[in-house]
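The values are calculated or read from the model by the stated rules, or taken from the named source; none is laboratory data. Just so it is clear, the structure is predicted and the values come from calculations on it, not from any experiment. Reconstructed Cβ throughout: ideal geometry from the backbone, glycine too, with neighbour counts over all protein chains shown. Note: accessible area is taken over every heavy atom of the protein model, side chains too, but ligands, DNA and RNA are not part of it. Shrake-Rupley method; radii C 1.70, N 1.55, O 1.52, S 1.80 Å.
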Amino acid sequence: MAAANLNTVLALMGPTAVGKTALALALRQSLPVEIISVDASQVYRGLDIGTAKPSAEELARAPHRLIDIRDPSETYSAAEFRRDALREIDDIHRAGRLPLLVGGSMFYFRALEFGLSRLPSADPTIRARLLAEAGRSGWASLHARLAAVDPVSAEKIHPNDPQRLQRALEIYELTGEAPSRAQTQASPEPAPYRFVKLAILPDDRVALNDRIALRFHAMLEQGFLDEAQGLYRRGDLHPDLPSMRTVGYRQAWEYLSGQVGYTDMVERAIQATRQLARRQLTWLRRYPQIQRLEMGGETAATARDLIGRELCL
């Protein structure tokens, strides 16, 4: 490995269901890389089938760092991810290998590469109150409140993104300033690495939507509802936790609690996953210096060629 490459980080991005894990496993076989997961849901133990977490056999062949590091009852922030990812990157570089970041949590990618504003730490009291208010009046009403004090942040945060919405209102209450202004004033620190960024960006949205539906039905056949029911029966989890707001698990919770029927649950989960993919694609279209990969059979060879040219391998 050339010394110049030991300051390099590879990033493999893309919307859900495009085949990122399969590509990462293929690259692991032919390149000196170690994989770091960039997935806000795969950090949780027990959320396996519904998050398309690599299987035990796949993890044995290609270990993924930052998987299964939190209990579903806990939270995990972008700041915590950045801290953990920087530690793992340094460890991999020290071993003379290349970090390969793989996932679809685009805010985590951005937080790692460009840094996070130095903003107040989480306040459990404020968070609990906001959750209670959302339970009474819905997240749309809290989004309207954010729009009244900070239209810039409200435009960037979807009403169905409770975690970011809660954080924005928390920042406003702690600082008395619009979150967009507070973030601008708190200068972030970019990561001290060269990022080589590849993204699987499908041209055919219909094909992606079909893949999403097929994958969810495959998850059901693999026992997803049994997995979700085990989490539901624990007794210490609730639907406002970040883990249980994960697409698929949120809809399964509604089904298990009797709010919707089975067919509605399946349709809602597929639709929510498609909406997630659209949001991920929006992020990716705005992300700087991405090299595009097509979704399909030649993706691995194309990715190896691009990485080889970048690193002179």
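Kindly evaluate PHE216 against the criterion of being open to solvent by 60 Å² or more (accessible area, probe 1.4 Å) and within 30 Å of VAL33 (Cα to Cα).
Numbers: open to solvent by 60 Å² or more (accessible area, probe 1.4 Å): no; within 30 Å of VAL33 (Cα to Cα): yes.
Here the answer is no, as PHE216 does not meet what is asked.
Could you say which residue among ALA111, ALA122, ALA134 is in contact with a Pro (Cβ under 7 Å, 6 or more places away or on another chain), surrounded by 14 or more Cβ atoms within 10 Å (Cβ to Cβ) and more than 17 Å from ASN5 (Cβ to Cβ)?
Working: ALA111 fails: in contact with a Pro (Cβ under 7 Å, 6 or more places away or on another chain); ALA122 fails: in contact with a Pro (Cβ under 7 Å, 6 or more places away or on another chain).
Just one listed residue meets the conditions, ALA134.
For LEU146, only one of the following conditions fails: (1) of a type outside the set (Ser, Thr, Tyr); (2) open to solvent by less than 10 Å² (accessible area, probe 1.4 Å); (3) in contact with an Asp or Glu (Cβ under 9 Å, 6 or more places away or on another chain). What is its number?
LEU146 satisfies every listed condition except (3).
Residue by residue through the range 23-55, note down the ones that are open to solvent by 40 Å² or more (accessible area, probe 1.4 Å), among the small types (Gly, Ala, Ser) and either without any contact (Cβ under 8 Å) to a residue 12 or more places away in the chain or part of a loop (DSSP other than H, G, I, E, B) (or both).
SER55
Just checking, how many residues over the range 98-107 are open to solvent by 20 Å² or more (accessible area, probe 1.4 Å) and in a helix (DSSP H, G or I)?
1
Return the residues of the range 56-79 that are charged (D, E, K, R), surrounded by 16 or more Cβ atoms within 10 Å (Cβ to Cβ) and in a helix (DSSP H, G or I); say none if nothing qualifies. Even if it seems obvious, please write down each step before you answer.
Filtering the range 56-79 for residues charged (D, E, K, R) gives 57-58, 61, 65, 68, 70-71, 74.
With the extra rule that they be surrounded by 16 or more Cβ atoms within 10 Å (Cβ to Cβ), the set shrinks to 58, 65, 68, 70.
Of everything in the range 56-79, just one residue is charged (D, E, K, R), surrounded by 16 or more Cβ atoms within 10 Å (Cβ to Cβ) and in a helix (DSSP H, G or I), namely GLU58.
One line per residue, one yes/no per condition, for (1) open to solvent by 40 Å² or more (accessible area, probe 1.4 Å); (2) modelled with pLDDT under 95:
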site: GLU227; (1), (2): no, no
site: ARG234; (1), (2): yes, no
site: THR263; (1), (2): yes, no
site: ARG286; (1), (2): yes, yes
site: MET295; (1), (2): yes, yes
site: THR302; (1), (2): yes, yes
site: ASP305; (1), (2): yes, yes
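Which count do you get for residues in the range 120-159 that are in a loop (DSSP other than H, G, I, E, B) and among the polar types (S, T, N, Q)?
From the range 120-159, those in a loop (DSSP other than H, G, I, E, B) are 120-123, 138, 150, 157-159; that's our starting set.
Keeping just the survivors that are among the polar types (S, T, N, Q) gives 121.
Final tally of qualifying residues: 1.
How many residues, within the range 1-18, are modelled with pLDDT of 95 or more and of a type in the set (Gly, Ala, Ser)? Explain how you work it out, then say what you get.
Let us first name the residues in the range 1-18 that are modelled with pLDDT of 95 or more, namely 8-18.
Then drop every residue that is not of a type in the set (Gly, Ala, Ser), which leaves 11, 14, 17.
Final tally of qualifying residues: 3.
Looking only at the range 181-196, count how many residues are β-branched (Val, Ile, Thr), in contact with an Asp or Glu (Cβ under 8 Å, 6 or more places away or on another chain) and surrounded by fewer than 20 Cβ atoms within 10 Å (Cβ to Cβ).
Residues of the range 181-196 β-branched (Val, Ile, Thr): 184, 196.
Cutting the leftovers down to in contact with an Asp or Glu (Cβ under 8 Å, 6 or more places away or on another chain) gives us 196.
Checking the rest, the ones that are also surrounded by fewer than 20 Cβ atoms within 10 Å (Cβ to Cβ) come to none.
Final tally of qualifying residues: 0.
Quick check on the range 170-180: of everything there that is in contact (Cβ under 8 Å) with a residue 24 or more places away in the chain and not hydrophobic (A, V, I, L, M, F, W, C), which residue is surrounded by the most Cβ atoms within 10 Å (Cβ to Cβ)?
So the first thing to find is which residues in the range 170-180 are in contact (Cβ under 8 Å) with a residue 24 or more places away in the chain, and the list is 170-175, 178-180.
Now restrict to residues that are not hydrophobic (A, V, I, L, M, F, W, C): 170, 172-173, 175, 179-180.
Details: GLU170: 20, TYR172: 20, GLU173: 14, THR175: 15, PRO179: 26, SER180: 16.
Among residues in the range 170-180 that are in contact (Cβ under 8 Å) with a residue 24 or more places away in the chain and not hydrophobic (A, V, I, L, M, F, W, C), the one surrounded by the most Cβ atoms within 10 Å (Cβ to Cβ) is PRO179.
For the range 177-191, state whether one or more residues are modelled with pLDDT of 90 or more and not polar (S, T, N, Q). Don't jump to the end; show me each part of the working.
If we filter the range 177-191 for residues that are modelled with pLDDT of 90 or more, which is where we start, we get 190-191.
Checking which are not polar (S, T, N, Q) leaves us with 190-191.
So far as the range 177-191 goes, yes, one or more of its residues are modelled with pLDDT of 90 or more and not polar (S, T, N, Q).
Please give the number of the condition ALA199 fails out of (1) closer than 26 Å to ILE270 by Cα; (2) surrounded by fewer than 20 Cβ atoms within 10 Å (Cβ to Cβ); (3) touching a Lys or Arg at 6+ places or on another chain (Cβ under 9 Å); (4) of a type in the set (Gly, Ala, Ser).
So the condition that ALA199 fails would be (2).
Give the residue that is farthest from THR75 (Cα to Cα), with candidates limited to residues of the range 213-260 that are of a type in the set (A, V, I, L, M, F, W, C) and in a loop (DSSP other than H, G, I, E, B).
Top of the filtered list is VAL260.
Under 6 Å between Cβ atoms, which residue pairs at least 6 apart in sequence (or on different chains) link something in the range 129-157 that is closer than 21 Å to PHE107 by Cα and of a type in the set (Asp, Glu) with a partner that is open to solvent by 50 Å² or more (accessible area, probe 1.4 Å) and modelled with pLDDT of 95 or more?
none
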